[in-house]
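Single-structure report; data block below.
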Amino acid sequence: MSRRSKSVVISGSVAMGAFFLICLLPVAYMFFATFESDSEIGFDAYKKVLFQARQWTLLWQTAVVALSAVALSLLFGVPFAYLTVKSDLPLRRFFGSIYFIPLIVPPYMIVFSWDRILSERFPLGPWLKEMFELKGALIGAFPLTAASIFLFLSYFPLVILLTRSALSTQDPSFEEAGVFSVSEKRLRRGVTLRLALPGIVTGATFVFIFALSNYGVPNMVQANVYALEVFYQFKTAYDQDAATASAVPLVLLALIPILFQRILEGGRRYSSPRITNREPRIVPLGRWRIPALLFVTVFLIVTVGIPIGMLLWLAGGISSYRGALDVEGLGALPDLLSSLKYAAAAATVAVIIGAFMGILAARSRKLVSGSIDFLSMLPFAFPAGVVGIGLIRLWNRPGIFDVVYTSSAILIIGFLCRFAPFAFRAVGAGLKRVDPAFEEAAEVAGVGAFRRLFGVSFRMALSGMSCAWIIVFILGLGELGMSRLVSPPGIQTMPLRIFSLIHWQYDNYVAALCLLLVGAALLPLVLFYLATGKKLEIR
Amino acid sequence: MARLELSQVKRKISPRFMVEDVSFVVDAGALTVLLGPSGCGKSSTLRMIAGLDKIDAGKIQMGERTVSAEGIHVSPGERNVSMVFQNLALWPHMRAVKQLRFVLKGAGLARKDRETRIARYLDMVGLSDRRRSYPHQLSGGELQRLALARALVVEPSLVLLDEPLSAADRSLRGRLQKEIRSIQKQLEIPMVYVTHDQEEALALADRIVVMQGGRVEQIGTPRDVYERPKNRFVATFLGSNNVLQGTKREGDFFDTVLGPVVCPAGDNGLTSGLLSLRPEALSVHEDGVECVVEASTYQGGRWLTTVSREGQYFMVFSAVAPDAGSRIRLQAVGEGFLLQGDEDGPGT
Amino acid sequence: MGLRTRRSIVSVLGVTAFVFALTLSGCGGGGEKNEVVLYCSLDQVFSETLIKEFEKQTGITVKAQYDQEATKTTGLVNRLIGEKDNPRCDVYWNNEIVLTVLLKNKGLLTPYVSSNAATIPATFKDQDGYWTGLAARSRVLIYNTNKIKKEDLPTSILDLTDPKWKDRFTIARPLAGTTRTHAAVLFEKLGKEKAEDYFRKLQASVGRGVDGNARVMRMVANGDYEFGLTDTDDANIARLNGDPVDITFLDSAPDQMGTLVIPNSVMMIKGGPNSENAKKLIDYILSNEVEEKLARGKSVQIPLHEGIVAPDEVVTLDEIHAMDIDFERVAEVIEPATEFLRDLFLK
């Protein structure tokens, strides 16, 4: 059914246009360039880099690593989300507002802190070495396992985030309809989690794609995965078409869960129920209260406490922070501010575009709406290197493009290119759940198209929008691969600064900068808390 | 189940609203309707009976068993009740047959018995040929029937229905009411049915519990509450009763602004009070008192006319629509009923 | 289109444009300003202070982008290639040399012979002036002094394939950075067949290899391995850290092939926007002053200018038997070599 007004169609189309220009065009450009070598159309680039036996091994190992990271994220993330939203777990609101911190710490830094934890300075590393009777170093001893675990530790909050969101907006009467004759356990499996499945699958998809395209973590633990193939293709052959071509299998792999998720959500069987403002039904834990509390606490200690604690320990006293902001007389403060500024700008634009695209999708026929959803996820599947080079090739040309390319706008576009799909998903899903009748009520009352959108639909999907904003902001703050390629000369972001220090073993400065980044990411949440006295639970 | 009894049940719903002092009995095999305007506490009461919400004070008993009281809260799963929700809460991911199977699976039935029972109940609500359908493939009426079948299939000792037909159109609603009523009689299963629709209440109920502002206003058979409302609220909420001040003249005669009204008050010593007078108890008559016609609405076969006299408004049925502003004479031909409990009510 | 609709479009565009405008700092504009764009692959911690010094001396604003070969990103060389059709960069300061030759072969460079390059040995300069070398690192064996004695160590890189060293040492995977350069040099020196045979044996001995020279250093310092192949600058970190390590130079006997010395290199980008300032910056980078500072810094870079007095911990060219290398020829073999090594190490 189509219930859209002209202004929704037009503003939605403008937003789609912006999305195509900003997010899709660079990767599309790179992709089409792969078919063209020396002004001839062909598959040379592919012949050169694809279908070697070795690559099948790599792809297989990639799938194993990414799926294991997803499995671990689901194994821990779904119960965590359930316990913090749907049970009477003590302190659940507190737990619900700190679990996402690892998302702010760049994955490389998570391995960095664990690497230090497992060093000889602490008993854990030597103990593990003894247990596995290892002669050499612990890191690199179990490459695929280690890669899976570290990618899980880096990205699991995405599963929790989307599961919590799905659970907390679920109409409690779906459960109440069953409580009279169905056990809580069957109800949880058959109804609650089942209805949250689209959210869970989306979270898993995000983890899968991130795990797929990450090469920093596998490289560090010596796991040979396909992302390294693309990385080394870029890094050693300097044939960018070939490198892009080599990324295609990765993109195809990423498309599988995106498609699956489309199918899952496309069917009306899972069409998300309308937004409810009723609080989630709380299921008493009874005798499981203490074990559950233990599970959540230990999980958070391992995933948040230890890495952050290690960073704090490495950073040491206040002088490190002061020093880090001023290494050898050079300030990192402008870098921090740049990061904050551009990540915030990207998050804002992403939410705006996402809102107009989302409302168009929500008010369109299924086919249109499905296509918009699918397209919006597409750029997500491309590795940072491809995005970066695509941006250079597309935007680095004289004229009006020049203004964008030589300014920080290119960084914002880059962030959007990589992370806007998040905003599109979160905002779009929220808008789909707003009954069009609310807006129609305003329309009948003569409220103008835009006041209607902002006052009614957008307002009602606000929680989804703030969630989207924060996610894009956080991911933008930590972006490295693309920034390295397009950051305009003279402008540096915090991750670029951090990574330039890692090599030189300024552990205390690196840790301090990392913590400053975490602090900066938490800033909007803290401000929100101070301003309203409410804890903003990321749902 | 023998019977359900609520005694002085109380629960704070929000800082400004509480359900209080709610007491009534649902007899075995009876269909009791909780009737009242939106926000009167009827759905909250139903949720407390279901065990979805706890009570702050009072007692709820099912047969000999106390299921809710201070310090006692039997969980919904152990009350042997079931419920149909206002939004029906049909699980979007389950086929019709699966909805029933899902609630029945824990019941400890053999597979064959279970499937037989599911088939029986789907047949009972006329959905045998839609057993493989998902909710989004069913029509409004089918959805409501499915929700009912899902509540019945577990063969509970009490069925709770929370405005299940509020989304249905008038003719569908009438049909479904009949079906519910006949199924209820057939299974002899007690039901508590919440609605804000007085017609629905009158059509369905063995007993009606009228609620307002978190309290029970009146309990009785449909006829009781319709014809002998206890107070102004019940009188006006059920039908378009006229409420007017009367002074006892002699015997059952009361003097009112519309002239003398017969009110079988008995010898209760009242000298004045509020009377309720149904519109059909008023008739146009040349000996009547003169009223000004304000407006008329067509009601199918007759007109409901609003008239005024001495600043008060009254409703009356008439065969033709009198012009607004014209004058007609009215006389009370039917009996009035003396109301109780209102502040401006009976004096001695 | 109704007025209301038009207004709504304008507001969408307006809001979007506004957010962009908010963040656009005044970076746009042509080459009129007194500035120069530098892409720099020498670690920011060392180069940034030098750049500031240049700004102070000349009043020219340096817009810099930093990178490090060891960081796990698709770095500045890719950026230079991507920007080929519309160059943004004036000067590229590479912390190694082979990619420089690659850039030259791709036609991205323009020659500039700085007067300050006169005292740099010819081996470290392009004969056509496309690039000039400075401040070098050397490939060394770092060993844990608690685990092995200096005299027990192999003296030639070719000895590493000896089965007795299996699981006792490590190297970075020869797919990136100076280890890759080192591998390419061996391909050039030994010839394809011998080199391939050598690396097959080496791979059997070390396995996958670790993710960088810094990790080689750390693992040896930790005692995970007895020794490893790394760079002088990484080894110096361990020394400063007080770790029980020391270094030794491979193939340094007169009859051996010599130790690999890899210089930084600086070059001018063809078509860059500020060519005059670019020359000034290159002159500065090639000055004695810069080399001396780099030698005194944490990275203990080996000075290439004659007559620079370096601190004790810095080896100088005349202290070691430096390998004689034709970097042009190394650049020719590096791609097929890497392809071979990728098949070997990345699976």
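Hey, could you check segment A:224-246 for residues that are of a type in the set (A, V, I, L, M) and more than 26 Å from the chain's Cα centre (by Cα) and say which is nearest to the other protein chains (Cβ to nearest Cβ)?
Our first condition is that a residue be of a type in the set (A, V, I, L, M); within segment A:224-246, this holds for A:225, A:227-228, A:230, A:237, A:242-243, A:245.
With the extra rule that they be more than 26 Å from the chain's Cα centre (by Cα), the set shrinks to A:237, A:242.
Details: A:A237: 6, A:A242: 11 Å.
Step by step, filter segment A:224-246, then rank; the result is A:A237.
Filtering C:L346, C:L341, C:L317 for residues that are under 19 Å from C:E96 (Cβ atoms), within 14 Å of chain A (Cβ to nearest Cβ) and open to solvent by less than 60 Å² (accessible area, probe 1.4 Å) leaves a single hit, C:L341.
Can you find a residue that is open to solvent by 70 Å² or more (accessible area, probe 1.4 Å) and without any contact (Cβ under 8 Å) to a residue 24 or more places away in the chain anywhere in segment B:269-286? No, the conditions are met nowhere in segment B:269-286.
Please go through segment A:10-46 and give me each residue that is over 21 Å from A:F382 (Cβ atoms), at pLDDT 70 or above and surrounded by fewer than 16 Cβ atoms within 10 Å (Cβ to Cβ), ordered by number. The answer is A:S13, and nothing else.
Would you point out which residue out of C:V62, C:V36 is over 19 Å from A:G388 (Cβ atoms), buried (at least 22 other Cβ atoms within 10 Å of the Cβ), at the interface with chain A (Cβ under 9 Å from one of its Cβ atoms) and at pLDDT 90 or above? Break it down stepwise before answering.
Values: C:V36 fails: at the interface with chain A (Cβ under 9 Å from one of its Cβ atoms).
C:V62 is the lone residue from the list that is over 19 Å from A:G388 (Cβ atoms), buried (at least 22 other Cβ atoms within 10 Å of the Cβ), at the interface with chain A (Cβ under 9 Å from one of its Cβ atoms) and at pLDDT 90 or above.
All of (1) more than 7 Å from chain A (Cβ to nearest Cβ); (2) under 20 Å from B:Q184 (Cα atoms); (3) open to solvent by less than 20 Å² (accessible area, probe 1.4 Å); (4) aliphatic (A, V, I, L, M) hold for B:M124 with one exception: (3). Checked against (1) modelled with pLDDT under 90; (2) in contact with a helix residue (DSSP H, G or I) (Cβ under 9 Å, 6 or more places away or on another chain), B:V84 meets all criteria but (1). Of all residues in segment B:292-348, exactly one satisfies the criterion of being modelled with pLDDT under 85, part of a loop (DSSP other than H, G, I, E, B) and among the hydroxyl-bearing types (S, T, Y), namely B:T348. Pairs are defined by a Cβ separation below 6 Å, a sequence spacing of at least 6 or placement on different chains, a first member in segment A:277-296 that is in contact (Cβ under 8 Å) with a residue 60 or more places away in the chain, and a second member that is assigned to a helix (DSSP H, G or I) and of a type in the set (G, A, S); the pairs so defined are A:P280/A:S168; A:L285/A:A292. Taking segment B:50-68 as the range and being closer than 15 Å to B:V19 by Cβ and more than 12 Å from every other protein chain (Cβ to nearest Cβ) as the test, the residues that pass are B:I55, B:D56, B:A57, B:G58, B:K59, B:I60, B:S68.
Of A:L340, A:L294, A:L336, A:L312, all but one fail to be within 24 Å of A:F112 (Cα to Cα), surrounded by fewer than 20 Cβ atoms within 10 Å (Cβ to Cβ) and either more than 22 Å from the chain's Cα centre (by Cα) or of a type outside the set (F, W, Y) (or both); the exception is A:L312. Give the residue that is surrounded by the most Cβ atoms within 10 Å (Cβ to Cβ), with candidates limited to residues of segment C:246-289 that are in a strand (DSSP E or B), modelled with pLDDT of 95 or more and among the β-branched types (V, I, T). Across segment C:246-289, the extreme among qualifying residues is C:V266.
Looking at segment B:32-45, can you tell me whether even one residue there is open to solvent by 10 Å² or more (accessible area, probe 1.4 Å), in contact with a Lys or Arg (Cβ under 9 Å, 6 or more places away or on another chain) and either among the hydrophobic types (A, V, I, L, M, F, W, C) or under 18 Å from B:A147 (Cα atoms) (or both)? No, segment B:32-45 contains no residue that is open to solvent by 10 Å² or more (accessible area, probe 1.4 Å), in contact with a Lys or Arg (Cβ under 9 Å, 6 or more places away or on another chain) and either among the hydrophobic types (A, V, I, L, M, F, W, C) or under 18 Å from B:A147 (Cα atoms) (or both). Among the residues of segment A:226-244, the ones that are touching a helix residue (DSSP H, G or I) at 6+ places or on another chain (Cβ under 7 Å) and under 15 Å from A:R393 (Cβ atoms) come to 7 in all.
For the condition under 25 Å from C:D326 (Cβ atoms), more than 21 Å from the chain's Cα centre (by Cα) and either within 14 Å of chain A (Cβ to nearest Cβ) or crowded, with 19+ Cβ neighbours inside 10 Å (or both), what is the one hit in C:L160, C:L103, C:L175? Please lay out each step first, then the result.
Values: C:L103 fails: more than 21 Å from the chain's Cα centre (by Cα); C:L175 fails: more than 21 Å from the chain's Cα centre (by Cα).
Residue meeting the stated conditions: C:L160.
Listed here are the helices (runs of 4 or more DSSP H) enclosed by segment A:405-502 that have at least 2 residues being acidic (D, E): A:436-444.
A quick yes/no check of all residues on (1) under 13 Å from the mean Cα position of the chain (by Cα); (2) closer than 27 Å to A:L525 by Cα; (3) modelled with pLDDT of 80 or more; (4) surrounded by fewer than 24 Cβ atoms within 10 Å (Cβ to Cβ):
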| residue | (1), (2), (3), (4) |
| --- | --- |
| A:R393 | no, no, yes, yes |
| A:F438 | no, no, no, yes |
| A:L477 | yes, yes, yes, no |
| A:L480 | no, yes, yes, yes |
| A:P489 | no, no, yes, yes |
| A:T493 | no, yes, yes, no |
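One residue stands out in segment A:502-539 among those that are at pLDDT 75 or above and small (G, A, S): the one that is nearest to the chain's Cα centre (by Cα), namely A:A521. For segment C:291-310, the condition of being of a type in the set (S, T, N, Q) and assigned by TED's automatic domain parsing to the domain that holds C:A117 holds for at least one residue.
Residues of segment A:399-449 that are within 14 Å of chain C (Cβ to nearest Cβ), small (G, A, S) and more than 26 Å from A:D171 (Cβ to Cβ): A:G399, A:S407, A:S408, A:A409, A:G414, A:A420, A:G446, A:G448, A:A449.
Can you say whether C:A136 is small (G, A, S), touching a residue at least 40 places away in the same chain (Cβ under 8 Å) and under 30 Å from C:R329 (Cα atoms), as far as the supplied structure shows? For C:A136, the condition - small (G, A, S), touching a residue at least 40 places away in the same chain (Cβ under 8 Å) and under 30 Å from C:R329 (Cα atoms) - is met. Contact annotation: residue pairs with Cβ atoms under 8 Å, 6 or more positions apart or on different chains, pairing a residue in segment B:44-56 that is farther than 13 Å from A:R281 by Cβ and among the small types (G, A, S) with a partner that is surrounded by fewer than 21 Cβ atoms within 10 Å (Cβ to Cβ) and modelled with pLDDT under 95, are B:S44/B:I13; B:S44/B:D53.
Within segment A:367-398, which residues are of a type outside the set (A, V, I, L, M, F, W, C), out of contact with any Pro (no Cβ under 7 Å at 6 or more places or on another chain) and facing another protein chain (nearest Cβ under 10 Å)?
Within segment A:367-398, the subset of a type outside the set (A, V, I, L, M, F, W, C) is A:369-371, A:373, A:376, A:379, A:383, A:385, A:388, A:390, A:393, A:396-398.
Add one more test, that the residue is out of contact with any Pro (no Cβ under 7 Å at 6 or more places or on another chain), and what stays is A:369-371, A:373, A:383, A:385, A:388, A:393, A:396-398.
Scanning segment A:367-398 gives A:P383, A:G385, A:G388, A:R393, A:N396, A:R397, A:P398.
Please tell me if B:I55 is assigned to a loop (DSSP other than H, G, I, E, B) and in contact with a Ser or Thr (Cβ under 6 Å, 6 or more places away or on another chain).
Working: assigned to a loop (DSSP other than H, G, I, E, B): yes; in contact with a Ser or Thr (Cβ under 6 Å, 6 or more places away or on another chain): yes.
Answer is yes for this residue.
Residue-by-condition table, conditions (1) within 14 Å of chain C (Cβ to nearest Cβ); (2) out of contact with any Gly (no Cβ under 7 Å at 6 or more places or on another chain); (3) open to solvent by less than 10 Å² (accessible area, probe 1.4 Å):
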{"site": "A:R54", "(1), (2), (3)": "yes, yes, no"}
{"site": "A:T57", "(1), (2), (3)": "yes, yes, no"}
{"site": "A:W60", "(1), (2), (3)": "yes, yes, no"}
{"site": "A:L72", "(1), (2), (3)": "no, yes, no"}
{"site": "A:Y82", "(1), (2), (3)": "no, yes, no"}
{"site": "A:G96", "(1), (2), (3)": "no, yes, yes"}
{"site": "A:P102", "(1), (2), (3)": "no, yes, yes"}
{"site": "A:F112", "(1), (2), (3)": "yes, yes, yes"}
{"site": "A:S119", "(1), (2), (3)": "yes, no, no"}
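Would you point out the residue of segment A:457-475, among those that are open to solvent by 30 Å² or more (accessible area, probe 1.4 Å) and modelled with pLDDT under 85, that is nearest to A:Y215 (Cα to Cα)? The selected residue is A:S466.
The values are calculated or read from the model by the stated rules, or taken from the named source; none is laboratory data. For clarity, every value in this text was computed on a predicted model and none was experimentally measured. Counting neighbours? That spans all protein chains shown, and the Cβs are built from the backbone with ideal geometry, glycine included. With ligands, DNA and RNA removed, areas are computed over all heavy atoms of the protein, side chains included. Shrake-Rupley method; radii C 1.70, N 1.55, O 1.52, S 1.80 Å.
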